[in-house]
Structure formats: C-alpha cells, structure tokens
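Everything below concerns the one structure shown next.
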Amino acid sequence: MNILIVSEMSVPYAIGGGEVRYGLLARELARRGHEVTWLSMRQRHSPDEELIDGVRHQHRGPRIQNPPSRPLLAMLRFMFAAFWHVLTHRYDVVDCQTYAPLPAVWLACLVSRQKMVATIHDTSSGPSRPTPAQAGQPGGGEDQWLSARDRFIVGPVETLLYRLPYRRIVTVSAAVGRVLVHRFGVRQSRVHVVPNGIDTAAIEAAPAATERVDVLFVGRVIPHKHVDDFLDAVAAAGAARRARDLPPLRAAVVGGGPLSDEMQARAEAVGLVPPGAAGSSSVVPRGTTPEPPVATVEFCGSLADHAAVIGRMKSAGVLVLPSTREGFGLVLAEAMACGTPCVAYDVPAVREVLADGEAGVLVANRDVTGLATAIDRLLEDTADRARFIAAGRRLVSDRSTAGRFAERIEAVYRD
C-alpha cells in the first residue's frame, strides 16, 4: 500500500506519545514493504524532505522552533499545506491525527475520493468526572487543561470534528472509544480500538542511564499531568523513609512544559533540593549542621532522543504517572518493557494499560498520600516489585509488540 501519515509534529523533532506511536508505525509499515510518507510541519532544523528508516518525511508550512508549541496561524498554514498535498497526490490510505489537520485532510480526501483513517488519541472531555472531593481542587475537573473560554470554543468544535464522516476512526484505548460513542455521538461501527505498540527491540537495545534514581516522572509538565502531586508524594515518601533512618529519596522529572519553573519552585517549597545540594534550604542556627533533605529531585527537561528517555526509565526504581487524564499512557507500557514497576492514578485508559492493577499500582485521583505509600511499598517490597515486573513484561509481550500493532493497523487500512 501507498500510505500517507499526517500529523503536526514528527520524530525525531518531537517525542510526545503521538509522535512516538506514529514513528513506530511508520517504520514497521515500511519494513513490511509498504510505501510510507509522513507529512508534518517544518520543525527546528528539519530539511523540507528526508528519508528516515525507510519513511519519506516531507515537512511543509511554517517552521516550529519549540515543538509541540505552535501558534494558531502556524496551524492554519499547515492545514492548507496538508489540504493541498492530499489534493495533488494519490494514496491508498491517508491516516491523519487530530487536531488541526483533520478537517482539512478529510475535505481533501472527500474531494479527491481517497480513503481516510482519522486517528484520535484523546479528547478534551475525559471518560470520567471528578469526585466531589476533587471538584474543588485546582485541576480537579475533567477539562483541567483548558480554560473556561477554551472549553466554550473547543467543545462544539470537537463535536463537529469527531462526527465528520470518516471511513474509519482509530483510537488507542477502549476508554476513549466509549467517550467518542457516548459523549460525542460517533457510530460504534466506525470506531476501531488499536492500543499503542512499543518498539521492544529498541527498548532492549537502549543502555541504562548512569544516573540512577528511586522515583521517576516522564511526560509534559502541564496541568493534568500533576507534577505537583508527584513532588508532594516524593516529599511524603522521603519523610517516611527518614523516620526509618533510610537514605533520602532520589527523584527526577524528565520532560518540559509551561509549568516547569512553577514546579521547580514547588519542589523547593516542599523541601526537595537538586542532587548534590548541601542540605535543606531552611535557615539553621550558626554552628549547627543543616538537616539533610528528605529527597532530591533533578529536573532534566526534554532529553535529546527517545533512547535517552528509555535509559532513564531503565535506571529508575519506580515510574510514577499522576495524570488525571490520559488517552493511553504510553510511558507506562514503555516502563513495563524496561522492567520498571509503575504507580499511576486510576483513570480508565491507564487502568487498561495496567490490566486493572495486575501490572502496576493504581491510586485514586489526587490521592497524594496513596502515591507516597505506593512508592514506598514498591521500593521496599521485593516480592511486590517482582510480581509487577513479571506481569508488566508479560502484558507487553502479549499485546504491545510492534508487529502486533502494525498488523492491527494494516487490517483497518485494508478494511
């Protein structure tokens, strides 16, 4: 098949969950003999055209210097570029990712009579509403990543966007599929759930990082990921360990985002210090030794490539994902393949990835005490660690390999 993938960003210039998923799919489809073209925005220093792992990359529209951030005008210009490209080329199937290019590519496919698959990773309205206890908390609502004005605009636009008559819709979890059907009125027959795959061979080949930490967060530093809860839980778990005369916890945050500065300030406020710092930042009397911190935390920012992210996972004691909204939770599957046990908030898509708690610890949303308890448990209980690690690796092998992922997507394309 001659296949076109359309997304705003692409690897290696952006390494979010959507880009990593498409990167794996494109490579695997090309390896299976398909002709694959990936159309995306011009990013950082990308050439207009390049060949990566057998996939033809074409970069069009304005150049984005700091993916995934992009201004509205840039998105509109890329929508026009994607529309024109599809209109002037022929493909057996066009696979387009939300959000911005989706309506333009659908219209171009309609005019040129080409088959299209819409890939929807997540929706702004999550599959679960906040509990009464969460409702009054910052970020406790289901649309916590949107302002009230944005919700007013995005809600109707999303409804229209998802209900366009695409031939097929692919989504990455049954949880998102249910939202599309029950909240947005999409016909069940159009929705195909294909869980994300991971590149297990590349994960096995990636070397472990030399910097070892006890607790790791990987992801964008944005509101619904709740890095604030991660930091508070690390401080609480560190305090519990100090009470047992154990060494301070070592933690790291891998990823950047608009809340990075705010989270670094919060880390200092709850008593976490950078690795190598002399001790607590609190004022101590002259001539006395400052009390050591309960934990240290390193803010790594966005790493240069995905192999470096995997290396940090391999060198971590526990991976924590305190996100209150996920379409899938790719970092959890990657951590399981690395042999790193996981702790996460119990949201529907994450529950699928962790097999209802068989392959990791699920904690109620915004329960920081529960996060801290789970972290402490997995760092100390070797039997629990071994059980979760074995279950995670088994699940990845059974359902998340690159080959199984590509086969299921091929079936949708051929249908």
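The values are calculated or read from the model by the stated rules, or taken from the named source; none is laboratory data. These figures come from a predicted structure and were not determined experimentally. Glycine also receives a Cβ, built like all others from the backbone with ideal geometry; neighbour counts cover every protein chain displayed.
For the range 14-43, the set of residues classified as charged (D, E, K, R) and either within 21 Å of the chain's Cα centre (by Cα) or more than 21 Å from Met79 (Cα to Cα) (or both) consists of Glu19, Arg21, Arg27, Glu28, Arg31, Arg32, Glu35, listed by residue number.
Among the residues of the range 49-75, those identified as over 21 Å from Asp95 (Cβ atoms) and either without any contact (Cβ under 8 Å) to a residue 24 or more places away in the chain or among the acidic types (Asp, Glu) (or both) are Pro62, Arg63, Gln65, Asn66, Ser69, Pro71, Leu72, Leu73. A single entry from Asp229, Asp214 fulfils the requirement of being touching a Pro at 6+ places or on another chain (Cβ under 6 Å), assigned by TED's automatic domain parsing to the domain that holds Ala267 and under 28 Å from Thr324 (Cβ atoms): Asp229. Within the range 74-101, the residues that satisfy the criterion of being assigned to a loop (DSSP other than H, G, I, E, B) and not basic (Lys, Arg) are Thr88, His89, Tyr91, Asp92, Thr98, Tyr99, Ala100. The numbered conditions (1) in contact with a helix residue (DSSP H, G or I) (Cβ under 8 Å, 6 or more places away or on another chain); (2) farther than 24 Å from Asp228 by Cα are all true for Asp398 except (1).
For the range 77-94, the count of residues that are within 22 Å of Ile198 (Cβ to Cβ) and either at pLDDT below 95 or not acidic (Asp, Glu) (or both) is zero. Taken together, Val194, Val181, Val172, Val186 contain a single residue that is more than 30 Å from Val294 (Cβ to Cβ) and in contact with a Gly (Cβ under 7 Å, 6 or more places away or on another chain), which is Val172. Of the set (1) under 22 Å from Val172 (Cα atoms); (2) small (Gly, Ala, Ser); (3) within 17 Å of the chain's Cα centre (by Cα), all apply to Ser69 but (1). If you go through the range 205-216 one residue at a time, do you hit one that is of a type in the set (Asp, Glu), in contact with a Phe, Trp or Tyr (Cβ under 9 Å, 6 or more places away or on another chain) and on the phi < 0 side of the Ramachandran plot? So far as the range 205-216 goes, no, none of its residues is of a type in the set (Asp, Glu), in contact with a Phe, Trp or Tyr (Cβ under 9 Å, 6 or more places away or on another chain) and on the phi < 0 side of the Ramachandran plot. Figure legend. Inter-residue proximity from the range 357-375: first residues surrounded by fewer than 24 Cβ atoms within 10 Å (Cβ to Cβ), second residues of a type in the set (S, T, N, Q) and assigned to a helix (DSSP H, G or I), beta-carbon distance below 6 Å, spacing 6+ or different chains. Indicated pairs: Asn365/Gln134; Arg366/Gln134.
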